[in-house]
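First up is the structure itself, then whatever we jot down about it.
The values are calculated or read from the model by the stated rules, or taken from the named source; none is laboratory data. Computed from a predicted structure; not experimentally measured. Cβ: placed from backbone, ideal geometry, glycine included. Neighbour counts: every protein chain shown.
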Amino acid sequence: MSSNSNTVHLTMESFIDFCNKARLDKNAAANFFGITLPEDKPREYTLGLNVYEDRIKLSLLSDGAEILWAYSYRKSDDFMGLMQAISYAAHQLYKKAQQDYLDGVER
C-alpha cells in the first residue's frame with residue numbers, strides 16, 4: 001500500500017512572500033507551523049534627484065529599489081527654477097502615493 005505525500009519546501013523569503021500575497025498574518029502563520037521568523041528591519045527610504053537641462057526626475061527609493069518617480073519641467077535655469085521643479089515633483093510623488101493608498105496598493 002502506497003501513500004501519497006505532498007511535501008512542500010519553502011525558503012523563508014518564499015514563506016513571507018506567500019503570507020503577504022495571501023494577506024495572512026505572517027507571525028500567526030509562523031507560530032502555527034512552528035517557524036521562527038527573522039527580525040524585521042525597518043525600511044530605508046531615500047530620494048534620488050536627476051537634474052537635466054530642461055527637467056528633473058525625483059525618485060523615492062525603498063531599500064534601494066525605485067518605487068515612485070516624477071518628472072517636472074524647469075521653468076528657468078536659475079536656482080528658483082530648480083526649486084520650483086523639485087517642489088512640483090515632490091507634490092506629484094505625494095499625489096501618486098495618495099492615489100495608490102486609495103486604490104489599496106501597498107508599497
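Condition check ((1) part of a loop (DSSP other than H, G, I, E, B); (2) of a type outside the set (F, W, Y); (3) touching a residue at least 24 places away in the same chain (Cβ under 8 Å)) across all residues:
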site	(1), (2), (3)
D17	no, yes, no
D40	yes, yes, no
I56	no, yes, yes
I67	no, yes, yes
Q84	no, yes, no
A89	no, yes, yes
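Any residue at all in region 37-51 that is exposed (fewer than 10 other Cβ atoms within 10 Å of the Cβ), more than 18 Å from the chain's Cα centre (by Cα) and modelled with pLDDT of 75 or more?
Looking through region 37-51, at least one residue is exposed (fewer than 10 other Cβ atoms within 10 Å of the Cβ), more than 18 Å from the chain's Cα centre (by Cα) and modelled with pLDDT of 75 or more.
Please enumerate the residues belonging to region 69-107 that are surrounded by fewer than 14 Cβ atoms within 10 Å (Cβ to Cβ) and hydroxyl-bearing (S, T, Y).
Selection gives Y73, S76, S87, Y94, Y101.
State which residue is farthest from the chain's Cα centre (by Cα) when the search covers only region 62-89 and only residues that are closer than 18 Å to E44 by Cα and of a type in the set (G, A, S).
Applying the first criterion (closer than 18 Å to E44 by Cα) to region 62-89 yields 62-69.
Subset that is of a type in the set (G, A, S): 62, 64-65.
Details: S62: 5, G64: 10, A65: 7 Å.
Checking each candidate, the answer is G64.
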